[in-house]
Structures are given as structure tokens and as C-alpha cells.
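K.L.:
Would you mind keeping the following structure in view while I ask a few things?
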Amino acid sequence: MALLDVTDLSINIHGIRPLDGISFSVDKGEILGIVGESGSGKSLTALSVMGLLPLIGGRIERGRVTFDGGDLTNLPEAQFRKLRGKRIAFITQNPMTSLDPVMRVGAQIDQMATLHLGLGPKDAQARSIEIMEKLRIPEAATIYHHYPHQLSGGMKQRIVIAMALAADPDLIIADEPTTALDVTIQAQIVDLMAEMVRERGVALILITHDMGVVAQICDRVVVLYAGRIAESNKVEAIFAAPRHPYTSALIRCIPREDTAPGSLIGIPGAVPSVAHYPAGCRFHPRCARSNAQCSSIVPPLIQPPSGGELACHAPEGAQ
Ligand SMILES: Nc1ncnc2c1ncn2[C@@H]1O[C@H](COP(=O)(O)OP(=O)(O)O)[C@@H](O)[C@H]1O
Ligand SMILES: [Mg+2]
């Protein structure tokens with residue numbers, strides 16, 4: 001059984017359905033990428049798994065979320081609170097949403113181990129500094145005593161990753177953890193996260209809009225578009241032979257070495273808003289392969305012989 005299983009998840013927020021029939025699973029020790037442009041439903045997927053939908057007035061209206069055999073679907077908050085941080089850690093794009101500005105960073109990492117693992121203060125401190133060193137925070141024993149505002153964005157995000165790791169969780173969900181950082185720092189931090197989770201056998205769901213990040217560390221990837229799955233597969237297979245035109249478009253968006261700095265690479269058009277999802281395949285207005293079927297019939301999510309899942313009437317490679 002997978003560590004986390006999301007089956008046919010649909011959510012409702014104030015009468016709209018921004019996620020429609022999402023399924024995926026993550027095994028222990030696996031790194032799953034969830035990729036899609038802004039507005040695809042990535043963050044809402046994370047919030048659903050973390051039991052945080054009620055905070056924004058949402059709820060799961062269909063489907064199931066199970067974690068380590070237990071049903072998390074609409075689990076009461078009091079029970080969810082026992083899992084959050086301890087067994088499932090959440091890393092967001094902005095480290096300041098996780099850091100307390102008036103508390104020294106070391107103490108914030110310690111807290112995860114004292115609270116969730118019952119460690120004494122001395123043991124927690126030694127462990128925190130060890131994790132900080134593994135995350136290549138220079139002079140970790142000094143930085144331990146710093147406040148968040150004394151650190152750069154990249155260092156703050158490393159502290160948040162250290163906090164997530166300190167509780168020894170089974171699963172980490174990282175929602176665009178490096179998007180706010182410089183490109184060179186981004187790659188380093190993504191590599192460090194991958195190294196740490198692989199070493200510890202922690203499962204990681206890495207949410208990103210960047211297929212380059214997926215290629216860098218993920219084992220499998222789910223491609224989301226406008227609240228539905230376009231395609232999922234092993235990362236090698238996705239890059240060797242993308243089948244959904246949206247996946248190909250995302251791959252073409254990866255900046256290359258000869259890409260001029262600051263030049264905008266994107267897919268023409270934009271992800272429609274929830275109120276304006278088109279009929280049929282939601283990607284069809286932006287798709288060069290679109291045919292008459294695509295604009296009227298929702299492509300079913302099938303399991304093709306080439307592996308994973310695919311929802312497309314006119315996949316690449318087909319005639
Ligand atoms: N709290 C909310 N209430 C209503 N609609 C929302 C809310 N949060 C997100 N949405 C809508 O749901 C869609 C997916 O959002 P989100 O999961 O944040 O996308 P992503 O993280 O992929 O950029 C967007 O169209 C967004 O406008
Ligand atoms: Mg998001």
C-alpha cells in the first residue's frame with residue numbers, strides 16, 4: 001500500500017470545484033512532482049492533503065485521502081492536528097509563514113523535536129545543529145542563535161526545511177519551496193532537499209511550475225491543468241516521450257543555457273479561471289493538436305500501455 005493515496009479527489013470551495021477527480025499516490029522514500037502553471041490547482045491539492053481546506057471555506061466533496069492506511073478525508077481538525085508537523089510536514093513558498101519573527105531560528109527547529117519526538121533541550125539542540133550542517137548552513141552553531149530577519153531568503157528557507165525534517169516526518173509536502181529565491185540558490189536547495197529525504201527514506205511531494213525541477217529530483221510526476229490531471233508517469237518516461245501536449249509545452253518552457261536571462265518563456269494564453277473552464281478538454285483552446293472531440297467531450301483519464309495516466313483525445317506520437 002502506498003504511504004499516501006489520493007483517489008478521485010474533488011473539492012468544493014463556496015460552490016466552485018477547483019479540483020476535479022485528482023488521483024495520485026506516493027510511496028515511502030519516493031519523490032513525486034506535481035507540476036502545472038499558476039492556477040492549475042497545485043496549492044489546493046496540498047491544502048486538501050494537509051486537511052487545511054476548511055481554513056479557506058472548502059471541503060472534499062468526492063474521493064478519498066488515505067495516509068498510512070488511515071482515512072484523512074474530512075478528518076476532524078483535532079485529529080488532523082496530531083499528524084501535521086509530526087507525520088506530514090508542509091513547506092510553503094514563503095518561509096515567513098512558517099517562521100516566528102521574534103524567536104531564534106535554532107529554538108524553532110528544536111521545538112519540532114521536543115514537541116513531536118519528546119527530546120530534551122540539549123538533545124534537540126545537538127540534533128538541530130546537525131540537521132543545519134547537513135543542509136550546508138555555514139557556521140550552523142552561530143546561525144542557530146540568529147533571528148529570521150538576520151538571514152537571507154535562501155537561509156530562511158533552509159531553516160524551514162530543517163524544521164520540517166526535525167520532527168522526523170513520513171511525508172513532506174513542499175509547495176514551490178524555492179520559487180521566491182534566486183535561480184542558483186533554487187537549484188542548490190532543491191538538491192539538498194532531495195539528498196535529505198533520500199537519506200532518511202522520507203516521501204516528498206514537490207509542487208512546482210518548473211519541469212526543470214521535476215527533471216532534477218523527482219521519480220514520478222503528475223501534470224495538473226485547470227484542476228484536472230493531464231498526464232502522470234515516471235519522470236524518465238515523461239521526458240523521453242511526453243504524450244499530453246500540455247506536458248510537452250511545459251518541457252519546452254524549461255530555460256536552457258542559451259536562454260537569454262530574463263527572457264520570458266511560456267505557453268501562449270493562460271490557465272482559465274475556475275468560473276470559465278471550457279467544455280471538453282480544458283486545455284483545448286491553447287492546444288495545437290485540438291480536434292472537434294476536444295472542445296466537446298471531456299477526455300477520460302486512462303492508463304495507457306506506455307505507463308502512468310493520460311487524459312487526451314489527440315496525444316503526441318499518435319496519428
Ligand atoms: N480560497 C480560494 N477560493 C476560491 N478559489 C480559489 C481559492 N484558492 C484558489 N482558488 C482558485 O483555484 C484555482 C487553483 O488555485 P491554486 O491551487 O492556488 O493553483 P496553483 O497553486 O497551481 O497556482 C485557481 O483558479 C484559483 O483562483
Ligand atoms: Mg500555488
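The values are calculated or read from the model by the stated rules, or taken from the named source; none is laboratory data. Computed from a prediction, not measured in an experiment: that's the story for all the values here. Neighbour counts run over all protein chains shown; Cβ positions are idealised from the backbone, glycine included. The accessibility values were calculated without ligands, DNA or RNA, using every heavy atom of the protein model including side chains. Shrake-Rupley method; radii C 1.70, N 1.55, O 1.52, S 1.80 Å.
K.L.:
Please work out which residue is farthest from ligand 1 (Cβ to nearest atom), limiting yourself to region 1-32 and to residues that are charged (D, E, K, R) and open to solvent by 40 Å² or more (accessible area, probe 1.4 Å).
P.N.:
28
K.L.:
Has region 283-305 got at least one residue that is of a type in the set (Ser, Thr, Tyr), touching a strand residue (DSSP E or B) at 6+ places or on another chain (Cβ under 8 Å) and either modelled with pLDDT of 95 or more or not assigned by TED's automatic domain parsing to the domain that holds residue 32 (or both)? Walk me through it before giving the result.
P.N.:
At the first step, the residues of region 283-305 found to be of a type in the set (Ser, Thr, Tyr) are 290, 295-296.
When the remaining residues are screened for being touching a strand residue (DSSP E or B) at 6+ places or on another chain (Cβ under 8 Å), the result is none.
There is no residue in region 283-305 that is of a type in the set (Ser, Thr, Tyr), touching a strand residue (DSSP E or B) at 6+ places or on another chain (Cβ under 8 Å) and either modelled with pLDDT of 95 or more or not assigned by TED's automatic domain parsing to the domain that holds residue 32 (or both).
K.L.:
Hey, can you tell me all the residues within region 134-152 that are in a helix (DSSP H, G or I) and surrounded by 15 or more Cβ atoms within 10 Å (Cβ to Cβ)?
P.N.:
134, 140, 143, 148
K.L.:
Being open to solvent by 10 Å² or more (accessible area, probe 1.4 Å) and not in a helix (DSSP H, G or I) is the filter here, so list the residues in region 159-168 that pass it.
P.N.:
Result: 168, single match.
K.L.:
So is residue 56 in contact with a strand residue (DSSP E or B) (Cβ under 6 Å, 6 or more places away or on another chain) and assigned by TED's automatic domain parsing to the domain that holds residue 230 or not?
P.N.:
Values: in contact with a strand residue (DSSP E or B) (Cβ under 6 Å, 6 or more places away or on another chain): no; assigned by TED's automatic domain parsing to the domain that holds residue 230: yes.
Answer is no for this residue.
K.L.:
Where residues in region 33-76 are more than 16 Å from ligand 2 (Cβ to nearest atom) and within 13 Å of residue 203 (Cβ to Cβ), which of them is surrounded by the fewest Cβ atoms within 10 Å (Cβ to Cβ)? Give the derivation first.
P.N.:
Step one: list which residues in region 33-76 are more than 16 Å from ligand 2 (Cβ to nearest atom), which gives 51, 54, 57, 59-76.
Filter once more, so that each one left must be within 13 Å of residue 203 (Cβ to Cβ): 67-68.
Working: 67: 21, 68: 16.
It comes out as 68.
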